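Let me begin by presenting the structure, written as structure tokens, before commenting on it.
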Amino acid sequence: MIQVHSRVDRLSKDIIEAYKKLAPATLGHIIESAMESAIEPIFRPIKLVGPALTVQTYPQITSAVGEALKIARPGDVLVIARGGEHRHATTGEIGTLGYMELGIEGMVTDGPIADRAAISRMQFPTFSRGSVAMTGKTGGWGIEWGGVNVPITVGGITVNPGDMVFGDDDGVLIATPEEAAEHLAFVQEKEEWEAWVREKISAGLTISQCRAERPDPMTKVTVGTIRR
């Protein structure tokens with residue numbers, strides 16, 4: 001049985017647009033919810049920001065993804081937990097075309113994908129555990145199991161429906177809508193400070209001199225705890 005739960009819409013469009021101009025690693029200074037490095041972008045440069053539409057599949061059977069597509073909205077990010085499956089692809093070229101037709105913003109999965117070159121050409125933001133030459137299975141296998149809009153674990157991090165998925169060339173970070181809103185001003189200030197430091201260094205100052213003239217915004221914040 002595939003359990004499909006109601007949508008969770010908690011992430012504002014203003015927050016999403018603001019983070020599109022920022023870097024996950026900056027937010028990663030103060031919240032400890034970056035996925036494992038094994039969850040990598042399939043091409044670079046890449047950027048992905050949006051609310052998580054979570055999916056839990058049976059290891060080699062990906063039928064639950066089809067159920068998620070029935071409630072997907074433009075801007076959603078599919079986050080797909082494969083139950084430890086590393087041999088069957090989560091999706092390939094044709095499946096990705098279907099995601100794009102629905103306006104899905106991107107995908108993050110702890111399984112592999114197929115048709116890596118084609119998806120890269122399409123520039124559909126995708127983070128996966130590598131690629132593989134064997135597809136996932138749907139229908140006719142006697143196993144219909146999974147969940148949509150349920151808490152899942154991907155890349156060592158718990159992802160809840162509606163969480164902010166924040167990815168770029170470095171990898172993926174997950175933030176609750178509350179964390180995203182609370183820390184936005186810090187992330188903006190930190191990146192503005194770093195740009196200022198680069199200018200000052202180009203003009204001949206040292207990093208120590210920069211910090212003496214204008215303290216690092218990190219001095220004003222408390223680092224969060226690791227989320228698992």
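The numbers here are math on the coordinates, done by the rules we state, and not lab data. If you're wondering where the values come from, they're calculated on a predicted model, not measured in any experiment. Quick reminder, even Gly has a Cβ in these numbers, built from the backbone with ideal geometry, and neighbours come from all protein chains shown.
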With N residues in the chain, what two-decimal value do you get for its Cα radius of gyration over 2.2 N^0.38 Å? 1.09
If I model a spin label as a point 7 Å beyond the Cα along the Cα-Cβ vector, how far apart are those points for residue 101 and residue 144 in nm? 2.2
How high is the FRET efficiency between residue 12 and residue 170 when r is their beta carbon distance and R₀ equals 22 Å, given to the nearest 0.05? 0.35
Give me the extension gain from residue 5 to residue 194: residue separation times 0.36 nm, minus the current Cα-Cα distance, reported in nm with one decimal. 63.9 nm
Round to the nearest 10 and give me the degree value, 0 to 90, for the angle of helix 177-202's Cα axis relative to the longest principal axis of the chain. 50
Stretched fully, the stretch from residue 117 through residue 71 gains (0.36 nm per residue minus C-alpha distance, one decimal, in nm) 13.8 nm
Using θ = phi - 60° and the Karplus curve 6.51 cos²θ - 1.76 cosθ + 1.60, what whole-Hz ³J(HN,Hα) does each residue of the range 119-129 get, with Gly and Pro shown as x? 5, 5, 4, 6, 6, 8, x, 9, 10, 8, 8
Projected label distance in nm at residue 137 and residue 206, using a 7 Å step from Cα toward the beta-carbon: 6.5
Filter 13/137; 70/190; 21/70; 47/190; 13/200; 20/137 down to the pairs with a C-alpha to C-alpha distance above 28 Å, please. 13/137; 70/190; 21/70; 13/200; 20/137
